[in-house]
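Presented below is the structure to which this report refers.
What follows draws every value from the coordinates through simple rules; no lab data is involved. The structure presented is a predicted model; accordingly, all values stated were derived computationally and were not measured. Cβ: placed from backbone, ideal geometry, glycine included. Neighbour counts: every protein chain shown.
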């Protein structure tokens, strides 16, 4: 009988708590976003994932080397990295990025691609307007025509020395 009365008062307390919160919010002034009219002032949160873009500098250079790690980690295959083989001046064959296609219509905005990119070449923007009449317009090429990879200076590598072992020390 004591448990029944305790549960009854606990239920009434929870009901009153909910009513207080509802009453407080009922009298607050309403805030309505006037979206189409106030498009210029509409802002998203800083961590909002709207659209995937390449991080391109002023010289039309990007950091993507075409490894395809982002495309392999995408659960929906929203990314497609197309590479081509190019022969360099010294006669070596090298893979370079040809096209980087992004299907915004099938993207789940999970951010696995940006987290797995070793070069930090792709990032999210706050662009949230993606309405189109044709679904094929949602497939975008992220690398602009004529863009090139940022040239990286390789750090000088010191020659490796054999580790000193007991045998080497005993022989000397």
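Structural remarks
- Under a Gaussian network description of the chain, with springs only between Cα atoms under 10 Å, the residue in 105, 91, 66 that fluctuates furthest is 91.
- If a spin label sat at a point 7 angstrom from the Cα of residue 150 along the line to its beta carbon, the backbone N atoms of the range 22-62 nearer than 20 Å would be those of 52-62.
- Kirkwood radius and radius of gyration were both taken over the C-alpha atoms of the chain, and their ratio Rg/Rh is 1.29.
- Computed over the chain with a Gaussian network model linking Cα atoms closer than 10 Å, the most mobile of 59, 127, 23 is 23.
- Point-to-point label distance, residue 128-residue 6, nm (Cα→Cβ direction, 7 Å offset): 4.7 nm
- Cα long-axis angle, helix 2-27 against the chain (0 to 90 degrees, to the nearest 10): 80 degrees
- Fraction of beta bridges assigned by DSSP in the chain that are antiparallel (%, nearest 5): 90 percent
- DSSP beta bridges confined to the range 51-149 are antiparallel in about 90 percent of cases.
- Secondary-structure-derived ellipticity at 222 nm for the chain, considering helices only, amounts to -7500 deg cm²/dmol, per-run term -39500 (n - 2.57) for DSSP H runs with n ≥ 4.
- Rounded to whole Å, sorted largest first: equivalent-ellipsoid semi-axes of the range 51-149, Cα gyration tensor: 25, 14, 13
- Residues considered: 110, 64, 74. Largest GNM mean-square fluctuation over the chain, using C-alpha springs under 10 Å, is found at 110.
- The relative contact order of the chain, computed from alpha carbon pairs under 8 Å that lie at least 6 residues apart in sequence, is 24 percent.
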